[in-house]
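What follows is one structure encoded as structure tokens, with my remarks underneath.
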Amino acid sequence: MKPTKSPKTYRVKSFGCQMNVYDGDRMGELLEARGIAPASEGEDADLVVLNTCHIREKATEKVYSDIGRVEKAGRLARKKPMIAVAGCVAQAEGEEIMKRAPAVGMVVGPQAYHRLPDMLERAVKGERSTDTDMPEDAKFAALPKRRKVAPTAFLTVQEGCDKFCTYCVVPYTRGAEISRPYSDLVDEAAKLVDAGAREITLLGQNVNAWSGEDDKGREVGLDGLVRELAKLPDLARIRYTTSHPNDMSDGLIAAHGEVDKLMPYLHLPVQSGSDRVLKAMNRSHTADSYLKLLDRFRDARPDIALSGDFIVGFPGETEAEFEETLALVDAVGYAAAFSFKYSPRPGTPAATMADQIAPDVMDERLQRLQARLNRDQAAFNAASVGRVCDVLVERKGKLEGQWLGKSPWLQSVHFTGDAAIGDMVRVELTEAGPNSLGARVLEKVDA
Ligand code: SAH
Ligand code: SF4
Ligand code: F3S
């Protein structure tokens with residue numbers, strides 16, 4: 001690679017989960033602290049960071065096509081953008097990327113991105129570098145302050161995963177489970193609120209496994225952190241994702257009935273309704289224990305909206321086992337859900353299991369599952385019509401005077417009226433579509 005001028009502008013493109021979005025934001029802050037400005041809409045950036053996801057096949061292939069697209073755009077604009085690959089593909093396939101894509105100057109894993117500015121200095125001198133360490137030195141402590149943020153902000157509280165579900169790459173790409181310290185989180189949340197956040201979503205691969213010591217030295221779980229953050233006067237809403245059924249505590253369930261700012265929404269992946277498949281997945285919960293857990297949430301907060309993740313076509317999944325998943329869906333009545341075809345990930349135990357399912361069988365199962373999930377989402381939305389609730393305004397809609405925001409149950413809501421981004425507006429939900437709801441403004445709840 002030839003030496004080049006220091007970049008003046010950057011763009012971060014994040015794929016995958018919300019933790020990647022959070023990391024992407026923080027990489028942006030790091031670059032801005034070095035005087036590199038975000039590229040404006042439509043402008044070709046001098047430095048492009050592809051913040052990648054490794055969870056499924058297409059996600060990986062996408063990285064190479066994106067690298068090609070950045071190079072092509074550069075050629076058309078007669079410049080050679082610097083390209084950094086970050087995120088979980090960087091962690092899993094760093095060397096491979098360096099070999100396959102000479103245009104890439106930097107490869108940096110999710111636990112090492114605080115070192116991106118040093119790598120950039122080397123890249124300017126013409127040296128390519130890869131950093132996929134999982135260093136002991138705290139990444140978070142090395143990051144700059146939070147800048148201005150949107151009304152809804154993410155806060156990573158927990159990273160990594162020790163669960164080793166047999167299909168999943170996350171324990172390999174993100175490393176072991178760690179909890180960020182309580183005081184750091186309370187501090188970062190307060191800064192986010194000062195910077196304009198009205199809603200904070202606490203993030204972790206197993207967010208409900210978070211634990212820490214509060215300011216009095218007491219051991220607390222995620223509910224303790226939620227209760228502390230709820231004291232921030234200008235913070236209106238708290239959410240958290242993603243939880244694992246096995247890490248759920250009585251305290252967190254109870255918090256849903258006691259902390260007004262904790263929103264009535266729970267994303268709790270189940271993956272399958274078959275106990276045989278769950279065991280082969282190493283999920284260590286059963287369909288029944290999962291359903292009982294949801295009942296306890298409903299007891300604590302009767303209007304709670306439930307969401308989940310599903311995998312169809314796990315190796316060996318029979319038609320009867322798949323139908324157990326459909327039965328579980330019927331039993332729950334999800335407000336929203338994410339469903340995926342099983343994708344063999346290199347290095348995971350399931351990738352070499354016997355009885356891999358044929359693609360057409362997976363397609364057909366996914367369609368049947370999604371038809372049910374869509375039916376239930378539409379029913380949940382239809383049942384919301386007539387409800388009065390608060391909407392946090394996130395952005396302008398397509399139509400003149402239209403605003404978009406979220407209900408407490410994480411539904412997209414649109415309305416027309418006098419409002420601004422960041423406002424909390426009380427509305428009556430008046431019409432339901434499959435993916436969003438229309439509403440009539442009643443009053444602005446606060447400025
Ligand atoms: N930590 C979370 C989320 C993990 S990734 C959890 O345990 O629930 C998000 C979702 O991607 C998973 O819930 C699962 O449904 C899906 N997923 C993970 N690995 C997959 C694979 N190999 N093939 C298909 N879907 C997968
Ligand atoms: Fe992956 Fe399972 Fe960990 Fe979730 S709990 S990140 S699915 S290994
Ligand atoms: Fe993807 Fe890594 Fe998140 S694999 S889902 S970006 S943890």
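The values are calculated or read from the model by the stated rules, or taken from the named source; none is laboratory data. Computed from a prediction, not measured in an experiment: that's the story for all the values here. Counting neighbours? That spans all protein chains shown, and the Cβs are built from the backbone with ideal geometry, glycine included. Ligands, DNA and RNA are excluded from the accessible area calculation, which covers all protein heavy atoms including side chains. Shrake-Rupley method; radii C 1.70, N 1.55, O 1.52, S 1.80 Å.
Here are the numbers:
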| read-out | value |
| --- | --- |
| Near-label residues of region 319-349 by backbone N, under 20 Å of a point 7 Å along Cα→Cβ of ARG298 | 324-338 |
| Area of LYS79 that stays accessible when all protein chains are in place (1.4 Å probe, Å², to 10) | 70 Å² |
| For region 350-408, the fraction of alpha-carbon pairs in successive 10 Å shells from zero, as % | 17, 24, 25, 18, 14, 2 |
| For THR9, distant residues with modelled amide H under 5 Å away | ALA37, ASP46, LEU47 |
| Chymotrypsin sites (Phe, Trp or Tyr not before Pro) lying in DSSP loop within region 188-270, provided at most 15 other Cβ fall within 10 Å | none |
| Isolated Cys residues of the chain, judged by Cβ distance under 4.7 Å to other cysteines | CYS17, CYS53, CYS88, CYS161, CYS389 |
| Computed E for ASN374/GLU96 - FRET, C-beta separation, R0 35 angstrom, nearest 0.05 | 0.40 |
| Among beta bridges that DSSP assigns inside the chain, antiparallel share in %, nearest 5 | 40 percent |
| For region 388-446: Kirkwood Rh in Å [reciprocal of mean 1/r, alpha carbons] | 10.9 Å |
| ³J(HN,Hα) computed for each position of region 405-420 - Karplus, 6.51 cos²θ - 1.76 cosθ + 1.60, integer Hz, glycine/proline x | x, 10, 7, x, 8, 6, 7, 6, 10, 10, 7, 10, x, 7, 7, 9 |
| Region 299-383: translational diffusion in µm²/s, Stokes-Einstein, Kirkwood Rh over Cα pairs, 10 °C, 1.306 mPa s | 113 µm²/s |
| Translational D in µm²/s for region 324-365 (Stokes-Einstein at 25 °C, 0.890 mPa s, Kirkwood Rh from C-alpha pairs) | 195 µm²/s |
| Per-q log10 I(q)/I(0), region 9-131, q = 0.17, 0.21 Å⁻¹ (Debye; single scatterer per alpha-carbon; no solvent) | -0.79, -1.28 |
| Shape metrics for region 210-346, restricted to C-alpha atoms - Rg then Dmax, Å | 16.8, 54 |
| Estimated inter-spin distance, GLU213 and SER249, nm [label 7 Å along Cα→Cβ] | 1.5 nm |
| Accessible area of region 145-263 divided out per residue, in Å², using a probe of 1.4 angstrom | 38 Å² |
| 22 Å Cα-Cα threshold exceeded, pairs from LYS148/LYS216; LYS99/LYS125; LYS279/LYS341; LYS341/LYS398; LYS5/LYS99; LYS261/LYS292 | LYS148/LYS216; LYS341/LYS398; LYS5/LYS99; LYS261/LYS292 |
| Hull volume in cubic angstrom per residue (convex hull over the Cα atoms of the chain) | 151 Å³ |
| Mean shadow area of region 191-291, taken as a quarter of the surface of its Cα convex hull (nm²) | 7.2 nm² |
